[in-house]
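Participant: Mind looking over this structure? Questions follow.
Here, each number is a calculation from the coordinates, and none is a lab measurement. Nothing here was measured: the structure is a model prediction, and the numbers come from that model. Glycine also receives a Cβ, built like all others from the backbone with ideal geometry; neighbour counts cover every protein chain displayed.
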Amino acid sequence: MPNAIAVEITNLHKSYQGVAALTDVSLQIPEGSFFALLGPNGAGKSTLIGAISGLIKPDSGRIRVMGHDVQADFRKARRALGLVPQELIDEPFFPIRQLLRIQAGYFGLGKSQWAWIDELLQRLGLWDKRDAYMSSLSGGMKRRVLIALALVHKPAVVVLDEPTAGVDIELRLSMWAFIRELHAQGHTIILTTHYLEEAEQLCEKIAILREGQLLALEDTQTLIASHPWEYLEVTLENLPAVLPQMVTDLLHRRSANKLVLRLSRDLARSELLAILSAAGLVLTEMRQLEASLEDVFRTLTTNGVHS
Amino acid sequence: MSMLGFLTLCKKEINRFMSVSVQTIFAPLVSTLLYLLIFGQVISSESSGFEHVSYNAFLLPGLIMMTMLQNAFSNSSSSLIQSKMYGNLDLLLLSPLSATEIFLAFVLGAVVRGMLVGIAIALVSYFWIPFVWINPFWLLSFALLTTFVLGAMGFLAGLWADKYDKLAAFQNFVILPLTFLSGVFYSVSALPAFWQQATWFNPFFYMVDGFRYGFLGVSDVSPWLSLSVILAFAVVLSALCLVLLAKGWKIRR
Ligand SMILES: Nc1ncnc2c1ncn2[C@@H]1O[C@H](COP(=O)(O)OP(=O)(O)O)[C@@H](O)[C@H]1O
Ligand SMILES: [Mg+2]
């Protein structure tokens, strides 16, 4: 079923003490996709994810996970979903392997699931810590325990809320490799992250939230292509102490004799050259830079609604 | 619905307090025995208010019941508030367990802890205050129903409280005075009229009085009345807990 919808959100509203956290969000996430939810702090990403997982009660709107309404059909919806929350948790009474077995038990899964739990512990580098308590683990380790907890019941949809925040780079890479593998096995992956290049590299589809509103929902490539700017790095032979106004208008950043210019895509190259020569600048090199998601994101969140 | 999910949570709730049994079983056992020793020694010459019943024999069931109900309350309330504070309650809320299953498992944990504490006190104290086993039906009914009600009360308090001190306040200003004024240490019939009437509004009185009937065959009010009052409490509290839990009151934001 290539066209099946893993998560369907319809007209979702949520406010806290009268302040809107989500405003009329509608969104469909196809089954098997690798989906990123991006937005600045406070945009409503965690609130949206909380609503999908049932930890947050929306004011109105409906959500289905793998076709199951998260309220009316909560048992099936929750079986289909695994959430890695943004906030770390603790559990002082049970060591982590037992905690994982308890979690599986909640889902009605007994001893038959224990081999999978041991596999998770091994894959996530937690095997040596299987009899340790959460409170003795580092933040990165706790994060991995949370990933294991979300996966004990092999959910069709895996949601990760900023899973790499505060995790060192090595661990981050191995985490991504593991999540990629899950995706390859057919799990739908939804994540929020501040590491935009990673979302760009990993995710096929991206939704951008700002102040509780959906700004964009596109294939990653389309989103980048639809970005109205392109970036050009020019290396200059001579660098005047003061750049003329018409050049500073285009300037994105500068370092030594290299300038990065932000240009409207419809600006002809000949026009640009005319501007530069009129400014008395001599080029030795010119290189086009790819628009990164970071740029797309910045444009959208500062310039308002796109597409 | 899968029974395994519910049973897993029940087992977890029991293992939780058993893993710290020095605090949860042994400490209440010791403090109750101290009460028994001190009050029994100091006041043992007092009359119990009932014929053929020594003060010690009168005191023992009341003390057992007092400790059972306090521990039942303490179990569900601290389990719930700890889960909230540590954030691991979300693990439960993400699971397919229903409000009813979650409520019953927490209350069952409270019942088991209350019963274990009660049995431990009865066994130890039997060696110096032999009691006559009058009626196991009343004894068990009151023990189970009372720990159930207090488990539900603890659950409600745990839902409501978002900090430990709120819970401590509830324990100090509601549970403790109500237990001390429930006729554990005296027969209500010995009180002035006003205080007697005030006692009729204290639900803990019926728990202590009915439980004592199971031990001694004497009580201030009919055990049927006590049983009805406690049953009514059990129904109302359960309904309230289930509605609030299903709504996600204070737990699903
Ligand atoms: N429990 C809460 N009570 C009040 N306001 C909240 C609560 N949770 C989130 N908010 C507010 O809702 C908005 C969205 O928050 P959140 O979903 O956490 O954003 P993000 O995850 O994108 O950083 C923010 O303005 C935040 O302050
Ligand atoms: Mg967040």
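Participant: How high is the FRET efficiency from A:Asp59 to A:Lys258, r the C-beta distance, R0 56 Å, rounded to 0.05?
Facilitator: On the way: r = 51 Å, r/R0 = 0.91.
Taking R0 as 56 Å, the efficiency between A:Asp59 and A:Lys258 is 0.65.
Participant: Tilt of helix A:293-303 relative to the longest C-alpha principal axis of chain A, in degrees (0 to 90, nearest 10)?
Facilitator: Computed tilt is about 80 degrees.
Participant: Please average, across the residues of B:93-102, the number of beta carbons from any other chain that are within 10 Å of each residue's own beta carbon, and give a whole number.
Facilitator: Details: counts 5, 15, 14, 12, 6, 2, 1, 0, 1, 1.
For this peptide, the per-residue mean of nearby foreign Cβ atoms is 6.
Participant: How many percent of DSSP beta bridges within region A:5-220 run antiparallel, rounded to 5? Spell out each step's value before the answer.
Facilitator: Values: 22 of 39 bridges.
Of the beta bridges lying entirely in region A:5-220, close to 55 percent run antiparallel.
Participant: Rounded to the nearest 500, what is the 222 nm mean residue ellipticity of chain B from helices alone, with -39500 (n - 2.57) per DSSP H run of 4+ residues and division by all residues?
Facilitator: Details: 11 runs with 181 residues, N = 253.
Value at 222 nm, helices only, nearest 500: -24000 deg cm²/dmol.
Participant: Which whole-number percent gives the relative contact order of region B:115-235, counting Cα pairs below 8 Å spaced six or more residues apart?
Facilitator: Working: 98 pairs, mean separation 44.4, N = 121.
Taking the mean separation of contacting Cα pairs over the length of region B:115-235, I get 37 percent.
Participant: I've got another one for you. Which lysines does B:Lys247 reach when only Cα atoms under 27 Å apart count, and residues fewer than 8 places away in its own chain are ignored?
Facilitator: A:Lys14, A:Lys45, A:Lys57, A:Lys76, B:Lys11, B:Lys12, B:Lys84, B:Lys163, B:Lys166
Participant: Using DSSP, restrict attention to beta bridges with both residues in the protein assembly as shown and report what percent are antiparallel, rounded to the nearest 5. Please list the in-between numbers first.
Facilitator: Values: 39 of 56 bridges.
Rounded to the nearest five, the antiparallel share is 70 percent.
Participant: Also: Quote the relative contact order of chain B in percent (integer), defining contacts as alpha-carbon pairs under 8 Å separated by 6+ residues. If you can, show how the numbers build up before the last one.
Facilitator: On the way: 321 pairs, mean separation 66.9, N = 253.
Taking the mean separation of contacting Cα pairs over the length of chain B, I get 26 percent.
Participant: Quick one: among A:Gly67, A:Gly186, A:Gly280, which has the greatest mean-square fluctuation in a GNM of chain A with alpha-carbon springs under 10 angstrom?
Facilitator: Of A:Gly67, A:Gly186, A:Gly280, the Gaussian network model singles out A:Gly280 as fluctuating most.
Participant: Describe numerically, in nm with one decimal, the distance between label points set 7 Å from Cα along Cα→Cβ at B:Leu144 and at A:Glu87.
Facilitator: 3.9 nm
Participant: Next question, about the same structure. When you look at the Cβ of every residue in A:98-108, what mean number of other chain Cβ atoms sits within 10 Å? Could the numbers behind the result be given before it?
Facilitator: On the way: counts 2, 3, 0, 1, 8, 7, 4, 10, 15, 8, 11.
Mean shielding by partner chains, rounded to a whole number: 6.
Participant: With each run of n ≥ 4 DSSP H residues scored as -39500 (n - 2.57), what mean residue ellipticity at 222 nm is computed for chain A after dividing by its residue count and rounding to the nearest 500 deg cm²/dmol? Walk me through the intermediate numbers first.
Facilitator: Values: 11 runs with 103 residues, N = 307.
That calculation yields -9500 deg cm²/dmol at 222 nm.
Participant: Now for a different question. Just grab the label-to-label distance for B:Ala239 and A:Val282, each label 7 Å out from Cα along the Cβ direction, in nm (one decimal).
Facilitator: Each label point lies 7 Å from its Cα, and together they span 9.2 nm.
Participant: On a 0 to 90 degree scale, rounded to 10, what angle separates helix A:96-106 from the longest Cα axis of chain A?
Facilitator: Rounded to the nearest ten degrees, it is 70.
Participant: Sorted by packing (mean other beta-carbon atoms within 10 Å per residue), highest first, where do B:192-201, B:221-230, A:109-118, B:5-14 land? Don't skip to the end; give the middle numbers.
Facilitator: Numbers: B:192-201: 11.3, B:221-230: 17.5, A:109-118: 15.0, B:5-14: 20.1.
Top to bottom by mean Cβ count within 10 Å: B:5-14, B:221-230, A:109-118, B:192-201.
Participant: Okay, moving on. Using +1 on the beta carbon of Lys and Arg, -1 on that of Asp and Glu, and nothing else charged, what's the dipole of region A:228-290 about the Cα centre, debye to 20? Provide the component values of the computation, followed by the final result.
Facilitator: Working: 7 positive and 8 negative charges, 30 e Å.
That gives region A:228-290 a dipole magnitude of about 140 debye.
Participant: Among all stretches of chain A without exposed GluC sites (Glu not before Pro) (DSSP loop, at most 13 other Cβ atoms within 10 Å), which one is longest?
Facilitator: Numbers: sites that count: A:Glu87, A:Glu237, A:Glu290.
Within chain A, the longest run free of exposed GluC sites (Glu not before Pro) spans A:88-236.
Participant: A further question follows. Highest first, please rank the peptides A:49-59, B:69-79 by the mean number of other Cβ atoms sitting within 10 Å of their residues. Numbers along the way, then the final one.
Facilitator: Values: A:49-59: 21.5, B:69-79: 27.2.
Highest mean packing first, the order is B:69-79, A:49-59.
Participant: For region A:5-220, what does the relative contact order come out to in percent, with C-alpha contacts under 8 Å and a separation of six or more?
Facilitator: Working: 409 pairs, mean separation 63.7, N = 216.
This gives 29 percent for region A:5-220.
Participant: Further question: Say the dipole of the protein assembly as shown comes from +1 at the beta carbon of Lys and Arg and -1 at that of Asp and Glu; which of B:Thr179, B:Ser228, B:Phe155 then lies farthest toward its positive end?
Facilitator: B:Ser228
Participant: Counting other C-beta atoms within 10 Å, and keeping those with at most 13, which DSSP coil trypsin sites (Lys or Arg not before Pro) do you find in region B:103-179? Working shown, then result.
Facilitator: Numbers: sites: B:Arg113, B:Lys163, B:Lys166; in loops: B:Lys163.
Sparse-neighbourhood loop trypsin sites (Lys or Arg not before Pro): B:Lys163.
Participant: Label points 7 Å out from Cα along the Cβ direction at A:Ser226 and A:Ala268: separation in nm?
Facilitator: 2.9 nm
Participant: Compute the helix-to-body angle for B:223-247: its Cα long axis versus the longest principal axis of chain B, expressed 0 to 90° and rounded to tens.
Facilitator: 20 degrees
Participant: Please work out how much length the chain gains when fully extended from A:Gln17 to A:Arg180, using 0.36 nm per residue of separation minus the C-alpha to C-alpha distance, in nm with one decimal.
Facilitator: Values: separation 163, 0.36 × 163 = 58.68 nm, distance 3.87 nm.
Taking 0.36 nm per residue and subtracting the Cα distance, the gain is 54.8 nm.
Participant: Stretched out fully, how many nm does the piece from B:Ser189 to B:Ser21 gain, at 0.36 nm a residue minus the Cα gap? List each step's numbers first, then the result.
Facilitator: Working: separation 168, 0.36 × 168 = 60.48 nm, distance 3.75 nm.
Net length gain for the segment: 56.7 nm.
Participant: Let me ask you something else. So how do B:135-147, A:246-258, B:202-214 stack up, highest first, on mean other-Cβ count within 10 Å? All intermediate terms of the calculation are to be shown ahead of the outcome.
Facilitator: Working: B:135-147: 19.5, A:246-258: 13.0, B:202-214: 26.0.
In descending order of packing, they fall as B:202-214, B:135-147, A:246-258.
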